[in-house]
Structures are given as C-alpha cells and as structure tokens.
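J.: Structure provided below as structure tokens; questions to follow.
What follows is calculated from the coordinates using simple rules that are stated; it is not laboratory data. In this text the structure is predicted, and so the values were computed from the model without any measurement. Virtual Cβ from ideal backbone geometry, glycine too; neighbours counted across all protein chains shown.
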Amino acid sequence: MILGLLKEHGKENRVALLPEIVKTFTDMKVEVLVEKGAGENAFTPDGDYEAAGAKIGSRADVFKKSDVLLQIQPPADEDIQKIQKSQVWISAFNPLWDTDLVKTFLKDGVTTFSLDLIPRTTRAQAMDILSSMATVSGYLAVLEAASKLPTFFPMFMTAAGTIRPANVLILGAGVAGLQAIATSRKLGAQVQVFDVRSAVKEEVKSLGGKFVEVEGATEDKAAGGYAVEQTEEYKQKQQQAINDIAAKSNVVICTAQIPGKKAPLLLPAEAVERMKPGSVIIDLAASTGGNCELTKNDETVVNNGVSIIGQSNYPSQMPMDASKMFGKNVLNFMKLMITEEGALNLNFEDDIVKGTCITHSGEIYNERVKSLFE
Ligand code: NAD
C-alpha cells in the first residue's frame, strides 16, 4: 500500500510522521509518499524523508496515488472533494464536535479514522494522541504563563529581598492538567487544583499540588473515566471556591473539557475582575468555548491588566517533539491494520480499529459518534 503524508495547512507546524517513523513503515514494506515540504515547519527537510526510504511528490500526486492519506488536522474545505471513495483518510478531526464533516464523509462513502477517538484503554495507550499532545500543551501552557508573568515562579531569598512563590490554580487534572502541575512545581510555584473527578486527588497530591475539594460532585463510572455534567447546586459551590482561589492566584491554567460538548464555564468575568493586574490565564479549552468567560480562541485578551490567552494548539509551537510523539502514536495504531506484506487490512474485529473508525461504506462505526445521529 501507499501511505501518503500530507503537508499541514493553516498555522499548523507539526507533521504527522518524522523520517525515523517513515523508516519503520518502509521496513514494514509500506511505500510512503511525502508531499514536498511536508516537514519543513518541523525543521525536517525532504532529503531526510528520502533517506528514510520515502518518495517525494506534489500535493496532487499524494491525493491521486495514495491508499491512505495522513495528516494531523482535519481536511481543509478545498481538500474534502479530493479524497476518493477507495481511499482511507486518517487525521484528528473531532467528529464528536464537527458532525457536519462526518455527514460529508458519510455522503461521499469515504473510510475515515479520527485519531482523537482512539479508545482510552490500556492497550491503546501507545496510540493515544490526546495524551501525548496534552502533555505538550500542559508543559507549554506553564512556560508561557511563567514568561508572561511580571513576577517569578519560584521563591527567592536574596540580599535584595524575599520573593514569594507564584500561586498557580489549575482547573482540570486530566493529562494536560497533571503535566501543568508537574511543570509548575518544577518551576517552584505553589499549586492548587480543581477537578470534578475525585479519582485524581492522589495523583495531584503525588505531584505536589493541593487538591481543592468541593463536596457533592456527580461521577459516572460508565463515562469511561471522563467528567460528566454537574448539578446546579454543585456548580454554584464550585464556582464560589474557584472565584475565591482565583482572586489570590497569579496564574490560572484552564484545561477542563467534556468530550463532544462545550467546555464548562469555570472562570466567569467577575472572577477575572477580582484577579490582580499582571496575572495570566491560559485557556487550553479555548477551541470549545473556553473555561474562562472572556477567552477568545487563538487570541490574547487583556482585561483590567489580566491577560487571558486562548491557545488551543500548543503542540504546533513545539513541532519537533510533538511530531515525534504524534508519529509514534500513528505507527502503533497503523500496525493494527498492516499485513506482513505491507498491505492494508481494515480489521474491524479489532476494537481499537473499529472504535477509531468514524465512517466506512456509508456507515458510522464509532458508537459515540453514531449516537449523535440517532
Ligand atoms: P479531558 O481533556 O477530557 O478533560 C480534562 C480534565 O477536566 C479532566 O480531568 C476532567 O475531569 C476535568 N473536568 C471536566 N469538567 C470539569 C469541571 N466542571 N470542573 C473541573 N474539572 C473538570 O481529560 P483527559 O486528559 O483527556 O483525560 C480524561 C480521562 O481519560 C481521565 O480519566 C484519564 O485518566 C483517562 N485517560 C486514559 C488513557 C488510557 O488509558 N489510554 C489515556 C489518557 C487519559
């Protein structure tokens, strides 16, 4: 089979495969066709792909000749019609949120896989792009906050006086939030953390964060470890606690998300009003509405001296390691669908293949996406 690696469009700097992973594919007898310049924003020239055994072609070539088309971002509008019915499209296209794109793929009869819906199971951990990319986001969110803050993160006792450590509030302790705790602690900040899932309390503590408890959270074991929507009473109590802690924090890192839904609003405008000028809010949930009421996706808003940074694609800002991790996840996933002869075998008997498949032959395979259409 021919695996076509497309150059990303828009502001994306990552590339879905780096040459070291291409080499593994070619060793597995897969032909890899790379769009000219695909790796240039990740500091990887075409020659490195050729040395790894790939061929370089134009964008039109890749669309025409590949059996599988691979990129990170969803297809650009002008590319959707270029995908042929016989081809397989693999990217992360957020089908729980962008159901219009799912409808288009269904109508066109294309086979699609969305890597953001790889099941969160132990066997699938090495394929989980949400975790690897959230690791980058949590890390970079803290570095950006530290670089924008007009004060230090660590405590200093110097001849020029004592500097108090920064207070960081982290909303949501999923993969990004846990990485944000670890990075903030390494930089010497004091960290408080909110999450509706009490299961994360021990992890927060072990990383040196203080878990803020609000009694009465709703948890649902059937939700596969994800957060579920909360009662009004709980939301009010939670709000009061968050507002009070945010008012004393120098940095708030927002990471709370509910898959397929608008992000929960956790930091209303009045809470931002109470924060000290110079404070920084980083909102990683910006693309689904943000946890902060004043967040604008991909923009920085300054309100009463508080910077609110709505950044939903930090991995693009660290394109080398983010691409390295992404590519490894893709390889581990695609190994489930490649025969010893290097041919494509869509093995829907495998729960990870079936769960990640969004459309095939005019049908929806992923159960959560399917339920949105019932
Ligand atoms: P996520 O991006 O879906 O959400 C981030 C965090 O926000 C979560 O911890 C969530 O509980 C929290 N949150 C949601 N609503 C909130 C609210 N109103 N107030 C406060 N916090 C709120 O999370 P994620 O990083 O994708 O992880 C989700 C789950 O998947 C976790 O249980 C994680 O352990 C699990 N997971 C499993 C695997 C695996 O086994 N392959 C890999 C990664 C994560």
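J.: Once you have the alpha carbon radius of gyration of segment 230-374, what is it after dividing by 2.2 N^0.38 Å, with N set to its residue count? If you can, show how the numbers build up before the last one.
T.: On the way: Rg = 20.7 Å, N = 145, 2.2 N^0.38 = 14.6 Å.
Dividing the Cα Rg of segment 230-374 by 2.2 N^0.38 Å gives 1.42.
J.: Sorted by average packing, counted as other Cβ atoms within 10 angstrom per residue and highest first, what order do 66-77, 268-279 take?
T.: Final packing ranking: 66-77, 268-279.
J.: Of Lys85/Lys107; Lys64/Lys335; Lys23/Lys354; Lys210/Lys235, which sit over 18 Å apart, Cα to Cα?
T.: Beyond 18 Å between Cα atoms: Lys64/Lys335; Lys23/Lys354; Lys210/Lys235.
J.: What does DSSP give for the chain in terms of the percent of beta bridges that are antiparallel, rounded to the nearest 5?
T.: Counting DSSP beta bridges with both partners in the chain, the antiparallel share is about 25 percent.
J.: How many nm is it between the label spots at Lys296 and Glu270, if each spot is 7 Å from the Cα in line with the beta carbon?
T.: Result for the modelled spin labels: 2.5 nm.
J.: Right, here's the next one. If you take all C-alpha pairs in the chain, what percent of them are over 29 Å apart?
T.: Counting every Cα pair in the chain, those more than 29 Å apart make up 45 percent.
J.: Binning at 5 Å from 0, report for segment 213-256 what percent of all alpha-carbon pair distances ends up in each bin.
T.: 5, 19, 21, 24, 18, 9, 3, 0
J.: Return the calculated 222 nm mean residue ellipticity for the chain, to the nearest 500 deg cm²/dmol, obtained by summing -39500 (n - 2.57) across DSSP H runs with n ≥ 4 and dividing by the residue count. Please report the intermediate quantities before stating the final value.
T.: Numbers: 13 runs with 123 residues, N = 374.
After summing the helix terms and dividing by residue count, I get -9500 deg cm²/dmol.
J.: Find, to one decimal place in angstroms, the Kirkwood hydrodynamic radius of segment 73-158, where the mean of 1/r is taken over every pair of different Cα atoms and then inverted.
T.: This gives a value of 16.1 Å.
J.: How high is the FRET efficiency between Lys237 and Gln317 when r is their beta carbon distance and R₀ equals 35 Å, given to the nearest 0.05? Each step should come with its number before you reach the end.
T.: Working: r = 36 Å, r/R0 = 1.03.
E between Lys237 and Gln317, to the nearest 0.05, is 0.45.
J.: Among the trypsin sites (Lys or Arg not before Pro) in segment 1-46, which ones are in a DSSP loop with at most 12 other Cβ atoms within 10 Å of the Cβ? Mind listing them? Don't skip to the end; give the middle numbers.
T.: Numbers: sites: Lys7, Lys11, Arg14, Lys23, Lys29, Lys36; in loops: Lys7, Lys11, Arg14, Lys29, Lys36.
The qualifying sites are Lys11.
J.: With a cut-off of 8 Å between alpha carbons and a minimum separation of six or more residues, what is the relative contact order of the chain in percent?
T.: Dividing the mean separation by the residue count of the chain yields 18 percent.
J.: Further question on the same structure: What percentages, rounded to whole numbers, describe P(r) for segment 301-356 computed over all alpha carbon pairs with 5 Å bin width beginning at zero?
T.: Answer for segment 301-356: a P(r) of 4, 15, 15, 13, 11, 11, 10, 6, 5, 4, 3, 2, 0 percent.
J.: Another one. Relative contact order for segment 1-158 using alpha-carbon pairs under 8 Å, separation at least 6, rounded to a whole percent?
T.: 18
J.: Evaluate the Kirkwood expression for the hydrodynamic radius of segment 118-190, namely the inverse of the mean inverse distance over all pairs of different C-alpha atoms, and round to one decimal in Å. Intermediate results must be reported in sequence, preceding the final value.
T.: On the way: mean 1/r = 0.0735 Å⁻¹.
In segment 118-190 this quantity evaluates to 13.6 Å.
J.: Relative to the compact-globule scaling 2.2 N^0.38 Å, provide the ratio for the alpha-carbon radius of gyration of segment 129-286.
T.: Rg over 2.2 N^0.38 Å, computed on Cα atoms: 1.02.
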